[in-house]
Amino acid sequence: MPITKERIVAKHTVAPKPPTKTELLNKLAAVSGMPRKQVASVLDTLAAQIKRTLDTSGMITVFGLLKIEKKIVPACPTWPAYVKVSVLPELLPGPDGYCRRGLHTYHESPAGNDQGHPICGACGRDEIDWERLHARNIADADYTIRQLNTDRFRHKWWSKDLDAVAVRNALRKGSSGIKDTVRKRVVASVGRVSRMDNGMVKPFRDGAQTPFHGNIIFYGQHATATCCRKCIEVWHGIPWGRDLTQQETDYLVELLMAYIAFKLPKVRILPSKPEK
Ligand SMILES: [Zn+2]
Ligand SMILES: [Zn+2]
């Protein structure tokens with residue numbers, strides 16, 4: 001393709017600009033796996049600590065998230081001291097970061113073991129007992145949930161805060177009324193496959209049927225790998241190209257209920273700040 005004027009202009013308009021506070025918060029939250037609110041409070045503490053320690057040289061670490069280095073250069077009249085703030089190296093992406101914290105990359109990993117199960121795409125870890133997961137024994141859900149939490153992508157959904165709409169919905173429904181809704185959602189989103197015009201049988205819009213916000217059940221589906229038939233096949237061993245059986249549906253519903261039982265007690269509406 002010839003380089004046109006438009007393309008050059010477009011290239012210039014995407015020149016890097018400094019991140020906004022929100023972007024920085026999002027980035028730190030993603031990198032650290034901590035909820036945004038917690039990151040914001042870390043940054044506030046950080047600012048306070050920098051103020052307090054500005055007259056001494058050295059390094060402080062805030063909640064295992066950021067590293068602050070301070071150097072004194074007595075001979076330099078303009079910058080006698082400077083402070084360097086950086087994310088701790090073990091929190092940075094890649095095998096040096098997430099894997100060391102026990103968060104591996106099984107989700108969409110390009111690498112697999114001899115049985116065709118995923119291994120960590122970053123460090124090659126292969127310690128999940130997939131046969132045990134695929135037995136789909138709800139009495140063994142603790143093991144399944146622990147393994148889901150060793151996956152970076154799944155762990156994010158177990159640990160992240162729900163958005164405001166999801167919180168409102170969850171509180172309105174409460175834990176007693178929610179099971180029917182969970183069942184309906186499982187059946188509607190991943191329960192059935194459809195026959196295409198060319199005779200092929202496949203789940204409808206697989207991989208795109210579960211939104212990423214607005215409902216605690218959506219969060220739960222990403223957390224428990226019940227979001228699409230591809231994830232269900234990998235984590236729960238149910239073949240992709242057919243309807244779910246009653247028993248399989250029951251199992252996935254129970255896993256989602258375990259997520260909701262874990263999450264719901266933590267769901268609170270914070271009182272809004274009084275107007276000044
Ligand atoms: Zn790993
Ligand atoms: Zn999925």
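The values are calculated or read from the model by the stated rules, or taken from the named source; none is laboratory data. Not measured: the values here are computed from a predicted model. Here the Cβ positions follow ideal geometry from the backbone for every residue, glycine too, while neighbour counts run over all protein chains shown.
Details
- Neighbours by Cβ (under 6 Å, 6+ apart or cross-chain): first from the stretch 124-136, within 16 Å of residue 248 (Cα to Cα); second within 16 Å of ligand 2 (Cβ to nearest atom) and of a type in the set (Ser, Thr, Tyr): 133/144
- Count of residues meeting criterion [more than 14 Å from ligand 1 (Cβ to nearest atom) and over 21 Å from residue 227 (Cα atoms)] in the stretch 113-124: 2
- Screening residue 213 on (1) within 16 Å of the chain's Cα centre (by Cα); (2) modelled with pLDDT of 95 or more shows it passes everything except condition (2).
- Within the stretch 124-144, the set of residues being surrounded by 16 or more Cβ atoms within 10 Å (Cβ to Cβ) and more than 16 Å from ligand 2 (Cβ to nearest atom) comprises 125, 126, 128, 130, 134, 136, 141.
- Residue within the stretch 229-251 that is of a type in the set (Ser, Thr, Tyr), modelled with pLDDT under 95 and more than 23 Å from the chain's Cα centre (by Cα) present: no
- Failed item, numbered, when residue 121 is tested on (1) in a helix (DSSP H, G or I); (2) free of Cβ contacts under 8 Å to residues at least 40 places away in the same chain: (1)
- Restricting attention to the stretch 125-147, the residues being touching a Leu at 6+ places or on another chain (Cβ under 9 Å) and within 16 Å of ligand 1 (Cβ to nearest atom) number 1.
- Reported count of residues in the stretch 100-116, each being in a loop (DSSP other than H, G, I, E, B), in contact (Cβ under 8 Å) with a residue 40 or more places away in the chain and either more than 16 Å from ligand 2 (Cβ to nearest atom) or not assigned by TED's automatic domain parsing to the domain that holds residue 223 (or both), is 2.
- The set of residues in the stretch 185-241 that are within 28 Å of residue 167 (Cα to Cα) and either among the polar types (S, T, N, Q) or touching a Gly at 6+ places or on another chain (Cβ under 7 Å) (or both) comprises 189, 209, 210, 215, 221, 224, 226, 228, 230.
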